[in-house]
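K.L.:
Can you keep this structure in mind? I'll have questions shortly.
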Amino acid sequence: MRVGVLALQGTFIEHIDILRQLGTEAPPVRLPRELDTLDGLIIPGGESTTMLRLMDSFGLVQPIKNMARNGLPIWGTCAGMILLVKDVSNYEMETLELMNAKVRRNAFGSQVDSFEVDLEIPVVGEEPFHAVFIRAPVIEEARPSVEILSRLPDGTIVAIRQDRLLACAFHPEFTDDLRFHDYFLNMVRQELSHDPRNEVLRGSRLGS
Ligand code: GLN
């Protein structure tokens with residue numbers, strides 16, 4: 001299984017480390033041709049507008065959109081989440097427009113711009129998940145096709161899934177808890193096992 005990590009900016013080294021600990025090949029991705037043989041992709045945390053600008057210069061925006069539409073599992077953490085959703089409520093910016101949700105950037109303001117909290121995330125298990133939020137966005141609106149995976153104690157949505165797309169407002173790559181990465185790898189595994197033609201499918205994702 002090969003899960004690429006977009007390596008233009010941000011927390012890609014941390015993601016790569018964890019994927020390798022979990023025994024997954026984790027190539028850094030900077031060029032469109034490096035998307036070619038992937039079974040999944042992670043868009044890390046960082047600065048979403050900078051990352052988008054770099055994705056644009058490296059010619060990655062359209063290929064990633066095409067691959068997502070053809071079923072490639074993608075997970076965005078923090079800035080990566082902002083790039084996955086259709087709408088950003090408080091900032092004029094483009095995104096990949098793949099998930100039916102609206103986010104608010106830097107939603108906690110400068111007073112509490114970073115914090116850690118134990119979250120209930122039933123899909124990763126009963127034990128609370130220690131989550132690190134850094135200048136984090138929140139999900140303001142999750143439309144019906146989107147499953148809510150976790151909320152802060154006040155009800156704010158902080159993790160969602162839409163079919164093969166996964167997004168969270170915090171940074172599982174900054175903790176030793178590997179369960180969220182494991183959850184994404186299971187999504188990737190499931191996608192691979194669903195289609196007996198996955199070799200063909202993989203090859204065709206870039207082209208269409
Ligand atoms: N505030 C950043 C943004 O809007 C996201 C921060 C992060 O990824 N930790 O892009």
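K.L.:
Determine the share of the chain's accessible area contributed by carbon and sulfur atoms, expressed in whole percent, with a 1.4 angstrom probe.
P.N.:
Working: 4350 of 9370 Å².
Exposed carbon and sulfur together represent 46 percent of the surface.
K.L.:
Suppose each label sits 7 Å from its Cα in the direction of the beta carbon; what would the residue 33-residue 112 distance come out to in nanometres?
P.N.:
4.9
K.L.:
Running a GNM on the chain with Cα contacts under 10 Å, which residue among 133, 58, 184 ends up with the highest mean-square fluctuation?
P.N.:
58
K.L.:
Measure nothing fancy, just the Cα-based angle from helix 179-194's long axis to the longest principal axis of the chain, in degrees from 0 to 90, nearest 10.
P.N.:
So the inclination is approximately 30 degrees.
K.L.:
Suppose a student asked you for the relative contact order of the chain, using Cα pairs under 8 Å spaced at least 6 residues apart; what percent would you report?
P.N.:
20
K.L.:
Please give the contour-minus-distance gain from residue 126 to residue 69: 0.36 nm per residue of separation, less the Cα-Cα distance, rounded to one decimal in nm.
P.N.:
This chain segment gains 17.3 nm when fully extended.
K.L.:
Mind listing which GluC sites (Glu not before Pro) in the stretch 62-167 are in a DSSP loop and have 15 or fewer other Cβ atoms within 10 Å? Walk me through the intermediate numbers first.
P.N.:
Numbers: sites: 92, 94, 97, 116, 120, 126, 140, 141, 147; in loops: 92, 94, 97, 120, 126.
Those that pass, being in a loop and sparsely packed, are 92, 94, 97, 120, 126.
K.L.:
Placing unit charges on C-beta atoms (Lys and Arg positive, Asp and Glu negative, everything else neutral), compute the dipole magnitude of the chain about its Cα centre in debye, rounded to 20.
P.N.:
Numbers: 21 positive and 30 negative charges, 161 e Å.
Rounded to the nearest 20 debye, it is 780 debye.
The values are calculated or read from the model by the stated rules, or taken from the named source; none is laboratory data. Quick caveat, the model's predicted, so the values are computed rather than measured. Virtual Cβ from ideal backbone geometry, glycine too; neighbours counted across all protein chains shown. Just the protein is used for accessible areas: all its heavy atoms, side chains included, with ligands, DNA and RNA removed. Shrake-Rupley method; radii C 1.70, N 1.55, O 1.52, S 1.80 Å.
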